[in-house]
Amino acid sequence: MSELTINDADFANLRGQTVVVTGSSSGIGLETAKLLLDVGAFVVAGDVNPVPIEHQNIAFHKTNITLWEDLLGLFELAESKHGKVDHVFANAGVAPKTLFVEDEVDENGKPVPPNLSVVDVNLKGTIYTVTMGLHFIKKQKKGSIVVTASASSFQRFGCTDYGVAKHGVLGLIRGLHLNLRVLNPSIRINGIAPNWTETRIATQAGTEKIGAKMQGPDVPARSAALLMADETKKGLLLFSVHGRHIEIEEALLLKSVNEGLIREYLPEEEFAFDKLADVYISRLPKKWS
Ligand SMILES: NC(=O)c1ccc[n+]([C@@H]2O[C@H](COP(=O)([O-])OP(=O)(O)OC[C@H]3O[C@@H](n4cnc5c(N)ncnc54)[C@H](O)[C@@H]3O)[C@@H](O)[C@H]2O)c1
């Protein structure tokens, strides 16, 4: 586990780069868009709501991330305006809705299926954004994707639909990191994991009741921009908490799984998952890039 200090100079190479940002009209996405504009990047913003800022370097496409056609329109706008996509910030998301213990029944007393709308946006929509992003970034053979995971990606969280989706998002980052490592290590994927952050999803009034301390959306915004800018950052998860930035993925993987379990009990299998990824990649039907 290591704490990072993020300086404004760290964002310098984002100048002139094209960044597609989803969930750009509020909270963490909006703050990241403003930061990117400040450092001279071009932002192509996608959200179900209009983006509330005007700037010569921002373009907006109304986008529901659960709709493939909307996302295609967003990325095609980026390509037509700037000729390329350098980075994607897959950030759009919604608040929890169901705990999966509601046990709702219909008028005949029969159980009805749970509401999966949060999983639909926060997981399916994020997978759509990332796979669409890869299609466009691949053309440059270089670039990065940053995905908004959450502190709920790696711990018990009773808002079950949200926690399920955010665990899935961490799985997406981990899986794609292994694959990109082989396919093209110049295309990177990383995640941010904000702790309580004051936005439309998480309000001060709500978190006060549970004794949690808020940070501003500028904190995860800086962690997202750093992961785009720093080409050495690959497959990481930056936890932002109380204004601090802590890399936790290496610690989660190495300590609890590899060192603690696999190395001790199954030392010969230490690299089995990496090798499995290599096998699946070798079976891909066409050359990737
Ligand atoms: N606020 C927190 O404490 C916190 C903590 C961890 C993770 N997150 C994550 O941060 C991300 C951003 O959320 P936020 O906290 O800034 O909340 P927010 O509500 O302020 O911003 C979310 C944005 O996503 C947009 N959006 C929602 N559904 C969409 C869809 N289907 N298609 C396109 N856009 C859509 C909203 O219109 C909004 O502009 C989310 O993925 C959220 O899960 C937030």
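For every residue, the table says whether it meets (1) within 12 Å of the ligand (Cβ to nearest atom); (2) charged (D, E, K, R); (3) under 27 Å from PHE239 (Cβ atoms); (4) modelled with pLDDT of 95 or more.
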position	(1), (2), (3), (4)
GLY93	yes, no, yes, yes
PRO96	yes, no, yes, yes
PRO114	no, no, no, yes
THR129	yes, no, yes, yes
MET132	no, no, yes, yes
THR148	yes, no, yes, yes
SER152	yes, no, yes, yes
CYS159	yes, no, yes, yes
TYR162	yes, no, yes, yes
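Of the residues GLU231, GLU250, which is within 19 Å of SER153 (Cβ to Cβ), under 19 Å from the mean Cα position of the chain (by Cα) and either not in a helix (DSSP H, G or I) or not hydroxyl-bearing (Ser, Thr, Tyr) (or both)? Please lay out each step first, then the result.
On the way: GLU231 fails: within 19 Å of SER153 (Cβ to Cβ).
Result: GLU250 is the single residue among GLU231, GLU250 that is within 19 Å of SER153 (Cβ to Cβ), under 19 Å from the mean Cα position of the chain (by Cα) and either not in a helix (DSSP H, G or I) or not hydroxyl-bearing (Ser, Thr, Tyr) (or both).
Can you name the number of the only condition in (1) surrounded by 11 or more Cβ atoms within 10 Å (Cβ to Cβ); (2) in a loop (DSSP other than H, G, I, E, B) that LYS287 fails?
Here LYS287 clears every test but (1).
Does any residue in segment 96-111 that is farther than 29 Å from HIS167 by Cβ come within less than 9 Å, Cβ to Cβ, of a residue that is assigned to a loop (DSSP other than H, G, I, E, B) six or more places away or on a different chain, and which pairs are these?
What qualifies is ASP106/VAL112.
Quick check on my filter: what residues within segment 68-79 are touching a residue at least 40 places away in the same chain (Cβ under 8 Å) and either farther than 11 Å from THR22 by Cβ or in a loop (DSSP other than H, G, I, E, B) (or both)? Spell out how you get there, then give the answer.
Taking segment 68-79 as the starting set, the residues that turn out to be touching a residue at least 40 places away in the same chain (Cβ under 8 Å) are 68, 71-72, 74-75, 78-79.
Across segment 68-79, the qualifying residues are TRP68, LEU72, ALA78, GLU79.
Among (1) in a helix (DSSP H, G or I); (2) within 11 Å of the ligand (Cβ to nearest atom); (3) touching a Phe, Trp or Tyr at 6+ places or on another chain (Cβ under 9 Å), which single condition is VAL169 missing?
(3)
Restricting segment 12-43 to residues that are touching a residue at least 40 places away in the same chain (Cβ under 8 Å) and part of a strand (DSSP E or B), which is farthest from VAL85 (Cα to Cα)?
Ranking the qualifying residues of segment 12-43, first place goes to THR22.
One residue is enough: does segment 225-244 have a residue meeting the conditions over 17 Å from ALA149 (Cα atoms), in contact with a strand residue (DSSP E or B) (Cβ under 7 Å, 6 or more places away or on another chain) and either in the same structural domain as LYS275 (by TED's automatic domain parsing) or surrounded by 15 or more Cβ atoms within 10 Å (Cβ to Cβ) (or both)?
Scanning segment 225-244 turns up no residue that is over 17 Å from ALA149 (Cα atoms), in contact with a strand residue (DSSP E or B) (Cβ under 7 Å, 6 or more places away or on another chain) and either in the same structural domain as LYS275 (by TED's automatic domain parsing) or surrounded by 15 or more Cβ atoms within 10 Å (Cβ to Cβ) (or both).
The values are calculated or read from the model by the stated rules, or taken from the named source; none is laboratory data. Just so you know, these numbers come straight off a predicted model, no measurement behind them. So basically every Cβ, Gly included, is an ideal-geometry build from the backbone, and we count neighbours across all protein chains shown.
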